[in-house]
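Here the structure is laid out as C-alpha cells; the discussion comes afterwards.
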Amino acid sequence: MKLETKVGAFFILASGIMGTLILRMEKLDLFAGHSQNKLVTEFDQVAGLSLQSAVRVAGVKVGAVTGIDLDGKKAKVTLGLPKEFQVYQDASASLSSIGILGEKYIELDPGHPAAGLLPEDGTIPSRTGAGLDDLMATMGAISKDVKNVTGALSESIGGEQGRQKLDEIVDNIRQLTGEFRAMAQENHSSINTTMANVQEMSAQLKEKLPVIAQQFEDLGRNLNDLVNKGNPQLQGMLSDVRKLTASLQVTADNVASITDKMNKGEGTIGALLNDDTTVKKINTAVDNVSSMLGGFKSMDLNLDMHAAQWTRRGNAMDGINIDFVPARDHWYALGLNSTPDGQISNQTSTSTVLGQGPVTTTTVTTDQVFTLSAQFAKRLAEHYVLTGGIVESKGGFGFEYRAMDDRFRLGGLAYDFTKETGKPNPRYRITGSFQFYKGIYGQAGWQDIANPELRTFFLGGGLRWTDEDLKKLVGLASIGK
C-alpha cells in the first residue's frame, strides 16, 4: 500500500473519531429532530440555563433544552423530549439546580393521564421556585434585624451597670427557683404523709377484720340455737313480726290505691304527673343540671404564678393567672398582677448651664399598681393562639406561638392605646418562655417597645399547674346559684 493511501486512511479515521467525540461532548444528536417532540414553556428569568441543559422528571433525565428565546419580557424555552414520552394538559415545569451552585435544569411534572394529552403546539405552564438571589436577600434582611436586636441589647445591658443588673436578675431567678423547689418538696411531703396514713389504716384493718368475721360467725350460731330450741322470747318476737307484716300489707294496698289514682290523673299530683308539659320541664331541668356538672367535670383550671425583674426601671412585676379551659381550642383567662406600669408622672426641672443658658429636663416615672386582666383565648391551629380583652386594666389583644406541648411559648401583646406625656404610643410587649422542669419555667422579654422613655428588658420565671380542688369549689359554687 502506498504511503499516500495510508496517510489518507489515517486522516479519515482520525476525523471520524474526533467528530464522534465532539458530538458526545456537546451532547448533540444529528437525528434528534425527527425523533423528538418540541414543547414550549415560559419563565420570568432563566439565568444559568443553557442549550442542551437537562430536562428531568423526578431527577431522571428524559430530554434536553433545544432553544432559549426572548418573547417580550418572558424567556421562551423549547424542550426536546422523546416521541414516546407522554405529556398531559396538567403538566408543569420549574427551573431547578443541582445543589446551591450546581448546574441549572428543567424539572418537569408530566401530569396525569386523566387530563388528556398536551397538543404539539401547547405550552407547559411554569412554576417559580425560590432562587439563590431571593434566599440571599432574605438572609440579608434577617441579619439586619439581628443586628438591630443585638444593638438594643448592647445599649440596655452593656457596660458595668448592665452587668450588675444582670447579676441581680440572675440572683432573683435563683431565689425564685429555690422557693418553687421548696414548694414542690413541701407538697411531696404531704403526699408521703397521706400514703403513710393509708398504709397504717390498711394494717389496722388487716388485724381487725378476722375478729369482726369471728363475731359475725358467733352471732349466726346463737341465732340458730334460739330458733332450734323454741325460746318463748323468740316466739313472741315472731308474733310481733307477723303483726308488722300485716300492717305493712295494708299500707302497701293503700299505696297501690293512691298510685292507681295518680296514674288515672285523679287529684293534683296525678294531674301534674300526667301533664306532658310538666314532664318536659322536669326532664329539661335534669338535662341542664347534668350538662352543667359534666361541663365542670371536663373543664380544666390552670394556675400560673410568675415574677420578672425589669432591667431599666429597677422594679419587678409579679402576679397570678387562672385559665378556665372548657375545651382545648378556647379558654378564659383571669389575672391579678402587681406592675410598675401604673400612673405616669412627669417631673420637669430647669438648670442653668454655663454658656448654654437654662436647660429643661423632663423625667418620666411610673408607679407600682395592681391591675386586673380578663381575656378570651382562641387556639387557631395546633401552635397558634389569639387573645383579646382586658390586659392589665386596659383594652388589648395578643398573638402567641406555642410548641412542645405548650412548654415553649413566644408571643406579643398590644394594649393601653391612650396617649400621654412620656407615653405617646400604645404599649407593645414581646415575651418568650420555656418550661424546663415539671411546672417551672423561665421567661424573658421586651416591654414598651414603642415608647423610648419606658422601654426595658425583663427576665423572670414562674410555676404552672392544674388545680383539681379549685375546680371542685367552682363547680359547687355554680350549683349553689
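Here, each number is a calculation from the coordinates, and none is a lab measurement. Bear in mind the structure is a predicted one, so any value in this text is a computation, not a measurement. Every residue, glycine as well, gets a Cβ built from its backbone with ideal geometry; the counts of neighbours run over all protein chains shown.
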task = Provide the gained length on full extension for the span S50 to S92, in nm with one decimal, where the gain is 0.36 nm per separating residue minus the Cα-Cα distance.
result = 13.2 nm
ask   = What FRET efficiency do you get for Y332 and E160 if R0 is 35 Å and r is their Cβ-Cβ distance, rounded to the nearest 0.05?
value = 0.15
remark   = Expected unfolding gain across Q215-I12 under the 0.36 nm per residue rule, minus the alpha-carbon gap, is 60.6 nm
note = Taking placed amide H atoms and a strict 5 Å upper bound, the residues 5 or more places from S92 or on another chain that come that close are D109, G111
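Taking R0 as 41 Å, what FRET efficiency do you get between F399 and V170 from their Cβ-Cβ distance, rounded to the nearest 0.05? It would help to have the intermediate numbers written out before the result.
On the way: r = 30 Å, r/R0 = 0.72.
FRET efficiency, F399 to V170: 0.85.
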inquiry  = Skipping prolines and chain starts, which residues have an amide H placed within reach, meaning under 5 Å, of the one on E103, given they are 5 or more residues away or on another chain?
reply    = I98
note = Non-local residues with an amide H under 5 Å from the amide H of G63, with H modelled 1.01 Å from N and Pro and chain starts lacking one, are V55
ask   = Given charges of +1 on the Cβ of Lys and Arg and -1 on the Cβ of Asp and Glu, with all other atoms neutral, how large is the dipole of the stretch 31-133 about its Cα centre, in debye to the nearest 20?
value = 160 debye
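Rounded to the nearest 0.05, what FRET efficiency do A182 and M139 give with R0 = 45 Å and r taken as the Cβ-Cβ distance? Could you check? Please report the intermediate quantities before stating the final value.
On the way: r = 47 Å, r/R0 = 1.04.
Efficiency, from the Cβ-Cβ distance: 0.45.
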request  = With a point put 7 Å past each Cα toward its Cβ, work out how far A114 is from T277 in nm, to one decimal.
outcome  = 5.9 nm
query = If you stretched the chain out fully between K74 and V60, how much longer would it get, using 0.36 nm times the residue separation minus the C-alpha to C-alpha distance?
reply = 2.4 nm
message = What are the ³J(HN,Hα) couplings of the stretch 429-434, residue after residue, when phi is run through the Karplus curve with 6.51, -1.76, 1.60 and θ = phi - 60°? Round to Hz, x for glycine and proline.
response = 9, 10, 9, x, 9, 9
request  = Could you check the simple spin-label distance between Q368 and L21, using points 7 Å along Cα→Cβ, in nm with one decimal?
outcome  = 8.8 nm
key: Vicinal HN-Hα couplings computed from phi for the stretch 63-71 (Karplus, 6.51 cos²θ - 1.76 cosθ + 1.60; Hz; Gly/Pro x)   = x, 8, 7, 9, x, 9, 10, 9, 10
